[in-house]
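Colleague: The following block contains the structure, expressed as structure tokens.
The values are calculated or read from the model by the stated rules, or taken from the named source; none is laboratory data. These figures come from a predicted structure and were not determined experimentally. Here the Cβ positions follow ideal geometry from the backbone for every residue, glycine too, while neighbour counts run over all protein chains shown.
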């Protein structure tokens, strides 16, 4: 991670209120003691230790589906790499310094700061952050929908997607002119990323979660989902089409031969009737 220069723990500014029941500590103590805790995941917000909330089954299922969708996109368009909450990044904005660990995040290859293979934290600003909302406590909802949204926006995270398994707080934001503006669906109901050209999904599919095979046949996804499978399938369809044509040609030739045989039999019968030898 390199040499870190720590500032004293700042006083509360009122812009990012501190939860009263969380312990206060310096950033140095957080990095040294809590960043790599083996059994729990913590973030740090301006001197306050914040434990990452536990998810539930529905959140896990949404996470797994969306993670696979991103993975398929990056196979087809290798424009960057994904990171999970194991990797945190530092956000320093006026009046607030925090260390956040998004559920999913993406670093474009064009980003001036890249990660080395054995880095444990990211020294730049993620291009996109994805948070899967936990609503077990009101402060968890506020953390993702208000606090992190402000931090990510002011730090330059270009897109921020909040994914709520109940659908109440699901929202998509794009940085424009220094502010987050909502990403609105297209007339076809698609949420499209500009940071990841061609990456798109239907909001309803976050909850329906169609299989990869179904998405490979869906116009919304087939440009990047299971491309190898599609090539094999298209090759099989092409071979089957060619085989059908060959069978049709063979059947047509057989029918033509049968017609010629019948015509010859008819002619032979006429000749025999006239007393002519047909041998």
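Colleague: Restricting the first residue to region 78-93 and requiring it to be in the same structural domain as residue 149 (by TED's automatic domain parsing) and surrounded by fewer than 16 Cβ atoms within 10 Å (Cβ to Cβ), which pairs with a second residue that is assigned to a strand (DSSP E or B) and at pLDDT 95 or above meet a Cβ separation below 8 Å and a spacing of at least six or different chains?
Modeller: Partner pairs satisfying both residue conditions: 81/106; 81/107; 84/104; 84/105.
Colleague: Against the condition touching a helix residue (DSSP H, G or I) at 6+ places or on another chain (Cβ under 6 Å), at pLDDT 95 or above and closer than 21 Å to residue 81 by Cα, how does residue 160 come out, does it pass?
Modeller: Numbers: touching a helix residue (DSSP H, G or I) at 6+ places or on another chain (Cβ under 6 Å): yes; at pLDDT 95 or above: yes; closer than 21 Å to residue 81 by Cα: yes.
Criteria met by residue 160.
Colleague: Here is a follow-up. If I ask for residues that are more than 21 Å from residue 74 (Cα to Cα) and not in a loop (DSSP other than H, G, I, E, B), which ones from region 93-106 would you list?
Modeller: 93, 96, 97, 98, 99, 100
Colleague: While we're on this one: Across region 125-151, which residue is farthest from residue 88 (Cα to Cα) among those that are touching a strand residue (DSSP E or B) at 6+ places or on another chain (Cβ under 7 Å) and in a loop (DSSP other than H, G, I, E, B)?
Modeller: 133
Colleague: Looking at region 107-117, can you tell me whether even one residue there is part of a strand (DSSP E or B) and buried (at least 19 other Cβ atoms within 10 Å of the Cβ)?
Modeller: There is at least one residue in region 107-117 that is part of a strand (DSSP E or B) and buried (at least 19 other Cβ atoms within 10 Å of the Cβ).
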